[in-house]
Amino acid sequence: MPVTAQPSTPDAAPPLPADDPPIFEMDLRGLRRHWARQAALPAISAETMTGADRRAQALGYPELRLMEHAGTAVAAAVRALATDLDRWGTGPIVVLCGPGNNGGDGFVAARRLALAGASVIVAVVAAESRPRGASAARNWDRIARDSGIVKVHLPVARDVAMFGLGVEKAAVVVDALLGTGVRGALREPIRSAVEVVGRARAAGVPVVAVDTPTAVDLSSGEPSDPAVLADLTVTFHRPKTGLLTKRGAAHAGKILVAPIGIPAEADRG
C-alpha cells in the first residue's frame, strides 16, 4: 500500500531521491509533502536553472549525480501516479527519450522503474541510439546491458509511427524527449514522438513529463507546435516560471518539484 509521508519540517530537508528508497512507497500526495520545501522556493527561468546547474557542477556536484537524483524522482512519481490510478502492473511503462540530458533523466527513470518491478520499454527517439553527452551516455550504457528493459531505437518518423501503433497498451507514458531550449516548430522524429504521446493520452494513458512537457518553454510557458499535454510534470530544484503561466500550467498538469542536490550557493552565483 502506498503511504503518505509526513511534511518535511523547515529545518529538516529530506534525503535526495537516489538516497531515499521510501519515496517508492509514497503516493502523489506523499511525494508533494515530502518535497514541499522545493515547491515553496521562488520560481526561476530556464536560463537561471541552467546557470545553477553549471555552478553546482563547478562546486563539485557532478552532473551524473544530479541526473541520478532527477531520474529517480521521476521514477517514484511515475510509480505513485500509476498506483493511484490502479495502472501499476497493467502494462509496460513506455519511456520516450530524446538525444540530450532530458533523455538521460529518462534512462535513469527506466532503470529505477525496472528495479521497482515495472515492465519498461525505452524508445530512443534520435539519430543515434547512444547519446553524445557524457552523463546521458553513461546512463544509456547502464540500461543497454539490462536484459530486463526493452530498448527500441526510433531514428526516423516512420519508425516512431510504427512504434506508436500499440502505445495505448502502456500503463504510463514518460515524456523525456526534450527539456529546455526548444524554439519554433518541432523537427522529426521528435515531432512524431510528441504526436504519439498525444494519441496515448487520448486513449486514456497518463503522461508524465520530465522537467517540462516537450516543446513547452520553461521560462515563458509558450508551447511550440505540437507540444505534449502531460497529466503530471516532475520538474527539478525549484518551480519554473513557464509552468506557472496559464498556458504552461495547462500543458504541465499536476506539478512536483523534486530536489536533485543543487546547493544554495549555486543559486546565488
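The values are calculated or read from the model by the stated rules, or taken from the named source; none is laboratory data. Everything numeric in this text was worked out from a predicted model, so none of it was measured. Cβ sites come from the backbone with ideal geometry, for glycine too, and all protein chains shown count toward neighbours. The accessibility values were calculated without ligands, DNA or RNA, using every heavy atom of the protein model including side chains. Shrake-Rupley method; radii C 1.70, N 1.55, O 1.52, S 1.80 Å.
Observations
- Hits in segment 4-25 - residues which are modelled with pLDDT under 50 and open to solvent by less than 50 Å² (accessible area, probe 1.4 Å): ALA5, SER8
Okay, residues lined up against (1) at pLDDT 95 or above; (2) under 15 Å from ALA193 (Cα atoms); (3) of a type in the set (Val, Ile, Thr):
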| position | (1), (2), (3) |
| --- | --- |
| ARG65 | yes, no, no |
| HIS69 | yes, no, no |
| VAL78 | yes, no, yes |
| TRP88 | yes, no, no |
| ILE93 | yes, no, yes |
| ASN102 | yes, yes, no |
| ARG111 | yes, no, no |
| GLY117 | yes, no, no |
| ILE121 | yes, yes, yes |
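- Test: VAL95 is open to solvent by less than 20 Å² (accessible area, probe 1.4 Å) and in a helix (DSSP H, G or I): no
- Residue satisfying condition, being open to solvent by less than 30 Å² (accessible area, probe 1.4 Å), outside any loop (DSSP other than H, G, I, E, B) and aliphatic (A, V, I, L, M), within set VAL152, VAL205, VAL160: VAL160
- For THR180: the one exception among (1) assigned to a loop (DSSP other than H, G, I, E, B); (2) touching a helix residue (DSSP H, G or I) at 6+ places or on another chain (Cβ under 6 Å); (3) hydroxyl-bearing (Ser, Thr, Tyr); (4) under 24 Å from ASP20 (Cα atoms): (4)
- Residues satisfying the stated conditions in segment 44-74, i.e. in contact with a Pro (Cβ under 8 Å, 6 or more places away or on another chain), open to solvent by less than 60 Å² (accessible area, probe 1.4 Å) and more than 19 Å from LEU256 (Cα to Cα): ALA56
- Residue check for ARG33: among the basic types (Lys, Arg) and either touching a strand residue (DSSP E or B) at 6+ places or on another chain (Cβ under 7 Å) or open to solvent by less than 40 Å² (accessible area, probe 1.4 Å) (or both): no
- In segment 100-112 there is no residue that is surrounded by fewer than 24 Cβ atoms within 10 Å (Cβ to Cβ) and aromatic (Phe, Trp, Tyr).
- Counting only residues that are at pLDDT 95 or above, assigned to a loop (DSSP other than H, G, I, E, B) and surrounded by fewer than 17 Cβ atoms within 10 Å (Cβ to Cβ), segment 219-247 holds 0 of them.
- Of the residues making up segment 113-146, those that are hydrophobic (A, V, I, L, M, F, W, C) and open to solvent by 60 Å² or more (accessible area, probe 1.4 Å) are LEU115, ALA127, ALA134.
- Restricted to segment 248-263, and to residues there that are among the small types (Gly, Ala, Ser) and surrounded by fewer than 23 Cβ atoms within 10 Å (Cβ to Cβ), the residue that is nearest to ILE23 (Cα to Cα) is GLY261.
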